[in-house]
Amino acid sequence: MKKEILRFSDVTYIYHTVRGETIAAQDLSFSVDEGEFVAIIGPSGCGKTTLLSLAAGLMKPSAGTVESRGSFGYMLQRDELFPWRTIEKNICLPLEIKRQTAPEHRARARELAVKYGLGDFLDSYPGQLSGGMRQRAALIRTLATDPDILLLDEPFSALDYQTRLNVTEDVSEIIRSEQKTALLITHDISEAISLADRVLVLTRRPARVAHTHTLDFEVGNPLKRREQANFSGWFERLWRELNE
Amino acid sequence: MKHNLTECSDEHMTFLKRRKKRRALIWALRLGLLALLLGVWELVTRVGWADPFLTSSPSRIGATIASLYRDGSLFYHIGVTLAETLAGFAIAVVLGCGVALALWWSDLLREVLEPYIVVLNALPKIALGPLIIIWFGTGSTAIVFMTVLVGIIVCILHMLSAFIATDKNKILLLRSMGATKWQILRKLVIPSSLASFISMLKVAVGMAWIGSIMGEYIVSRAGLGYLIVYGGQVFKLDLVMSATCILCLLAAGMYFLVALLEKAIVKNADR
Ligand SMILES: Nc1ncnc2c1ncn2[C@@H]1O[C@H](COP(=O)(O)OP(=O)(O)OP(=O)(O)O)[C@@H](O)[C@H]1O
Ligand SMILES: [Mg+2]
């Protein structure tokens, strides 16, 4: 029996500005189980980023409830590494913020970096790394505090296609081997299909869940998935639903 | 990126050589221009096309500075002005950054104070001269106060706009890690404003000179600004020109120091 780790119940969120109000989400309900990889796709501007901010508790819903168990790691579209810090110091940033200054925390972060191929770059500055490596460093920074849920807001969309495939591959491997729960937001249908256990399709703004699909792949590896026979079937289906 | 200089191509060597040559040419022309200006100035006063009583001349400036040096007042006046300028500069920068931080911290404070800052920025500070004399007397305190007054608004506005321009996504990232406002300030806002801080220093140096000389015009009994005013009043143009030349050198020197500081910090910041 899977345990629920995040639940949105009839969540509504309204942005207020002088010009008026924008309903970004309305009666939005869904839940995520522990260890699950959920992808959320939706038309641009429908309220996806809003949804993540609500999940992370950075904003309170106007109505409804967001319940979660566990801690969050947030990863943004661009790596947002601090250019004046070395990679090691960037990776340890969340530890500093959370005042987890004990040496074993640092050692864990370093270990992660070494394990995922950044060992030689710990003393480098972000400007010296390629886009793909920077994004990997950003993921390791997200993992440094050992969060229970990863919130990924289009983390690959700033990368070029080739790098993107590779980084998606890396990230998928890292997230699965660390057995994390992940909530991935993306524009990219094939990215969602190649990574997730379950895909939620959102409506246009205000966002609601239009469809939920549990994907039936035997393999977890994104590149292998792309070669599977049912990949294109899923793609067409989601594409249709997205454009309804 | 580091390049290994021993391994660079011939073409790159010629490129570097040409660059070096060009730098040398530019410096030669700069110095030549200076020599030309001084030469022409000297010449026209010597042959009587211009009255040295009104225009002074390089040789007379030299003589004036030498006599100031001999009676021991040269370094006294330089010291007075330099001390006032540096004190005013330091206070304006420190106080200005402090105020900018406070304004960044509290939106309410910022919105409340905005019109005051705008007015203070627009106000010609020299209009406050009489008030300053009455409040602070005619000593160095008044001049330092004037210097601070002239410089601080620029510091505040410059730094505030830098603080406010901090990348919103990076703030979001820190907030998602549970950062407090104080942590956001220390880990992100201040370090990312370093470049702006330096460019602010460059502006503030200029402002400090304006402030201190303006202050000396109104109240002082010593300093380069005083020499200029005094020289003007007694029609000793040599003295006016001498003090102005020294001022040029000092201002340039101070700007140069800030530029050096910039180089050092930038080198440190993004290797
Ligand atoms: N701070 C804000 N104030 C007012 N309106 C906002 C604010 N942030 C977002 N919105 C509006 O809310 C809606 C949803 O925004 P959100 O950023 O969540 O969408 P999104 O699906 O992430 O968009 P994108 O696909 O461009 O990333 C948009 O119409 C946006 O204009
Ligand atoms: Mg978004």
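Remark: the range B:252-266, residue by residue, has Karplus-estimated 3J(HN,Hα) of 4, x, 5, 4, 4, 4, 4, 4, 4, 4, 4, 4, 4, 5, 4 Hz, where x stands for each Gly or Pro and the curve is 6.51 cos²θ - 1.76 cosθ + 1.60 at θ = phi - 60°. For the range A:82-147, the Cα gyration tensor yields ellipsoid semi-axes of 18, 12, 10 Å (square root of five times each eigenvalue, largest first, whole Å). 3J(HN,Hα) couplings calculated from phi for the range B:186-202 with the Karplus curve 6.51 cos²θ - 1.76 cosθ + 1.60 (θ = phi - 60°) are, in sequence order, 6, 8, 10, 4, 5, x, 7, 9, 4, 4, 5, 4, 5, 5, 5, 4, 4 Hz; Gly and Pro show x.
Once both labels are positioned 7 Å from their Cα atoms along Cα-to-Cβ, the gap between A:Ala158 and B:Ser9 label points is 3.3 nm. Among the listed pairs A:Lys2/A:Lys180; B:Lys202/B:Lys267; A:Lys3/A:Lys180; A:Lys60/B:Lys168; A:Lys2/A:Lys115, those with a Cα-Cα distance over 21 Å are A:Lys2/A:Lys115.
Going from the alpha-carbon gyration tensor of chain B, what semi-axes, largest first and in whole Å, does one get by taking the root of 5 times each eigenvalue?
Details: eigenvalues 332, 213, 37 Å².
Three semi-axes, in Å: 41, 33, 14.
Do you know the relative contact order of chain B, to the nearest whole percent, from alpha carbon pairs under 8 angstrom that are 6+ apart?
Details: 242 pairs, mean separation 63.4, N = 271.
Value for chain B: 23 percent.
Close amide H pairs (under 5 Å, H built 1.01 Å from N) link A:Ala63 with A:Thr12, residues at least 5 positions away or on another chain.
Across the range B:78-85, computed HN-Hα scalar couplings (Karplus, 6.51 cos²θ - 1.76 cosθ + 1.60, θ = phi - 60°) run 4, x, 4, 5, 4, 4, 4, 5 Hz from first to last residue, x flagging Gly and Pro. Counted residue by residue at 0.36 nm each, then reduced by the alpha carbon distance between them, the extension gain from A:Ser124 to A:Arg240 reaches 37.3 nm. Annotation: extensible slack from A:Asp148 through A:Val219 equals 23.2 nm (criterion: 0.36 nm per residue apart, minus Cα-Cα distance). At an R0 of 51 angstrom, the distance between the Cβ atoms of B:Arg186 and B:Ala50 translates into a FRET efficiency of 0.30.
How would you classify the range A:142-232 from its alpha-carbon gyration tensor, with a ≥ b ≥ c the square roots of the eigenvalues: rounded for a/c under 1.5, else prolate if a/b is greater than b/c, otherwise oblate? Walk me through the numbers before you get to the answer.
Values: a/c = 1.35, a/b = 1.08, b/c = 1.25.
Here the range A:142-232 falls in the rounded category.
Report the Cα centroid-to-centroid distance between the range B:210-252 and the range B:14-61 in angstrom, as an integer. Here the answer is 23 Å between Cα centres. What shape does the protein assembly as shown take by its C-alpha gyration tensor, where a ≥ b ≥ c are the square roots of the eigenvalues and a/c under 1.5 counts as rounded, a/b above b/c as prolate, and the rest as oblate? Prolate, because a/c is 1.5 or more and a/b exceeds b/c. For A:Asp33, the residues whose amide H sits under 5 Å from its own are A:Ile5, ignoring neighbours fewer than 5 places away on the same chain, with H placed 1.01 Å from N.
Once a ≥ b ≥ c are taken as the square roots of the eigenvalues of the Cα gyration tensor of the range A:33-163, is the result rounded (a/c under 1.5), prolate (a/b larger than b/c) or oblate (a/b not larger than b/c)? The shape class here is oblate.
Take chain B, connect every pair of alpha-carbon atoms lying under 10 Å apart with a spring to form a Gaussian network, then pick out the residue of B:Leu261, B:Leu36, B:Leu157 with the largest mean-square fluctuation. In this elastic network of chain B, the residue with the biggest mean-square fluctuation among B:Leu261, B:Leu36, B:Leu157 is B:Leu36.
Using just its DSSP H runs of length 4 or more, each adding -39500 (n - 2.57), chain A gives a mean residue ellipticity at 222 nm of -10500 deg cm²/dmol after division by all residues.
Roughly how crowded by other chains is peptide B:167-175, in terms of the mean Cβ count from those chains within 10 Å of each of its Cβ atoms?
On the way: counts 3, 0, 5, 5, 1, 8, 14, 6, 6.
Across the residues of B:167-175, the mean count of other-chain Cβ atoms within 10 Å is 5.
Residues whose amide H lies under 5 Å from that of A:Ala210, counting only those 5 or more places away or on a different chain, are A:Val201, A:Leu202, A:Thr203; hydrogens are built 1.01 Å from N in the peptide plane.
Of B:Leu174, B:Leu237, B:Leu160, the residue with the greatest mean-square motion in the GNM of chain B, using alpha carbon springs below 10 Å, is B:Leu174. When only the Cβ of Lys, Arg, Asp and Glu is charged (+1, +1, -1, -1), the dipole of the protein assembly as shown relative to its Cα centre reaches about 1440 debye. For B:Lys20, the aspartates and glutamates whose Cα comes closer than 16 Å to its Cα, not counting residues fewer than 8 places off in the same chain, are B:Asp10, B:Glu11.
Can you give the average number of partner chain beta-carbon atoms within 10 Å of each beta-carbon in peptide A:89-97, as a whole number?
The shielding value for this peptide is 3.
Treating r as the C-beta distance of A:Thr17 and B:Lys21 and R0 as 56 Å, the FRET efficiency rounds to 0.45.
For B:Asp167 and B:Ala127, calculate 0.36 nm times their separation in residues minus their Cα-Cα distance, and state this gained length in nm to one decimal. Show your work: numbers first, answer last.
Numbers: separation 40, 0.36 × 40 = 14.40 nm, distance 3.92 nm.
That pair, B:Asp167 and B:Ala127, stretches by 10.5 nm at full extension.
Applying 1/(1 + (r/R0)^6) with r as the Cβ-Cβ distance of A:Asp188 and A:Ala63 and R0 = 45 angstrom yields a FRET efficiency of 0.90. Looking at the range B:1-70, which chymotrypsin sites (Phe, Trp or Tyr not before Pro) are DSSP coil and have at most 14 other C-beta atoms within 10 Å of their C-beta? The qualifying sites are B:Trp49. Note on B:Thr244 and A:Arg226: their simple-model spin labels are 7.1 nm apart, each label 7 Å out from Cα toward Cβ. A dipole drawn for the range B:81-198 from +1 and -1 charges on Cβ atoms has a positive end, and of B:Met177, B:Met146, B:Ala90 the residue lying farthest that way is B:Met177.
Among A:Pro222, A:Pro61, A:Pro103, the largest mean-square fluctuation in a Gaussian network model of chain A, built with springs joining Cα atoms closer than 10 Å, belongs to A:Pro103.
FYI, it's all coordinate maths here, none of it is from the lab. Owing to the predicted nature of the structure, the values given are computational and were not obtained by experimental measurement. Cβ coordinates were reconstructed from backbone atoms using ideal geometry, including for glycine residues, and neighbour counts include every protein chain displayed.
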